[in-house]
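Visitor: Below you'll find the structure I mean.
The values are calculated or read from the model by the stated rules, or taken from the named source; none is laboratory data. Please read these numbers as outputs of a predicted model, since none were measured by experiment. Cβ coordinates were reconstructed from backbone atoms using ideal geometry, including for glycine residues, and neighbour counts include every protein chain displayed. Ligands, DNA and RNA are stripped out before the accessible areas are found, and what is left, the full protein with its side chains, is counted by its heavy atoms. Shrake-Rupley method; radii C 1.70, N 1.55, O 1.52, S 1.80 Å.
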Amino acid sequence: RREDVQAGVGDLSLNLNAEVERLSDFGSLLGYGGGLSWAPTEKLSFTASYIAREAAPGLSDLGGAVLVTPNVTLFDFQRGETVLAQVTTGGNPALLEERQRDFKFGLNWELPFLENSNFIAEYFRNRSYDTTNGFPLLTPAIEAAFPDRVTRDASGRLIAIDQRPVTFAEERGERL
């Protein structure tokens, strides 16, 4: 509109980006994205963006010193009792790179009936794969998901747990 080129379309802009990051202790990570902004009038605009990126786990999550602490008081939800167990904490070098996929759509409308006011609506959607997380509270469902992280004696009593960070398959989020 400003340059009087296809003024009937309004203002339109597009951006694209790409990056490669090389981490000495992890490898190469990629990222790319783009955005579109369209204002069909001076008082109404729409935006959309997409971001895809890879992220490495934190240094302490990957390479923190492994500590084994005996006689830690824990509640065993499976048996409904408090026990003294050996707890392993520290880094986990087997963690994977996270893959994030984010989409955002927005609308901004300068309201004609109320001076100095705008109506703004935004929708965000996030999908993240192979996310690094602290080991969750040990419930029966978590024990079933991570059976190699829990040690029980012959009677079924909890005697050890490995609480080092884990990789979750997927996390999703949406917000309006």
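Visitor: Among what's in segment 12-70 and is of a type in the set (F, W, Y) and under 19 Å from the mean Cα position of the chain (by Cα), pick the residue that is farthest from Y123 (Cα to Cα).
Guide: The qualifying residue farthest from Y123 (Cα to Cα) is F26.
Visitor: From (1) buried (at least 17 other Cβ atoms within 10 Å of the Cβ); (2) in contact with a Phe, Trp or Tyr (Cβ under 8 Å, 6 or more places away or on another chain); (3) of a type in the set (A, V, I, L, M); (4) at pLDDT 95 or above, pick out the condition that doesn't hold for L138.
Guide: Looking at each condition in turn, L138 falls short on (4).
Visitor: Also, quick follow-up: Looking at the structure I just gave you, is A85 hydrophobic (A, V, I, L, M, F, W, C), within 29 Å of G33 (Cβ to Cβ) and out of contact with any Cys (no Cβ under 7 Å at 6 or more places or on another chain)?
Guide: Answer is no for this residue.
Visitor: Looking at segment 54-83 only, could you name the residues that are free of Cβ contacts under 8 Å to residues at least 12 places away in the same chain and among the small types (G, A, S)?
Guide: The one that is free of Cβ contacts under 8 Å to residues at least 12 places away in the same chain and among the small types (G, A, S): G80.
Visitor: Given the criterion closer than 30 Å to Q163 by Cβ and among the small types (G, A, S), identify the matching residue among A85, A121.
Guide: A85
Yes/no per residue for (1) among the hydrophobic types (A, V, I, L, M, F, W, C); (2) in contact with an Asp or Glu (Cβ under 8 Å, 6 or more places away or on another chain); (3) open to solvent by less than 50 Å² (accessible area, probe 1.4 Å):
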position	(1), (2), (3)
S128	no, yes, yes
R149	no, yes, yes
A154	yes, no, no
R157	no, yes, no
Q163	no, no, no
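Visitor: Continuing with the same structure: Right, I161: closer than 27 Å to L59 by Cβ, part of a helix (DSSP H, G or I) and aliphatic (A, V, I, L, M) or not?
Guide: no
Visitor: Here's another thing I want to ask about it. Restricting to segment 143-159, name every residue that is of a type in the set (G, A, S) and without any contact (Cβ under 8 Å) to a residue 40 or more places away in the chain.
Guide: If the condition is that a residue be of a type in the set (G, A, S) and without any contact (Cβ under 8 Å) to a residue 40 or more places away in the chain, then A144, A145, A154, S155 are the ones that fit.
Visitor: May I pose another question? Report yes if some residue within segment 162-176 is modelled with pLDDT under 95 and of a type in the set (G, A, S); otherwise report no.
Guide: yes
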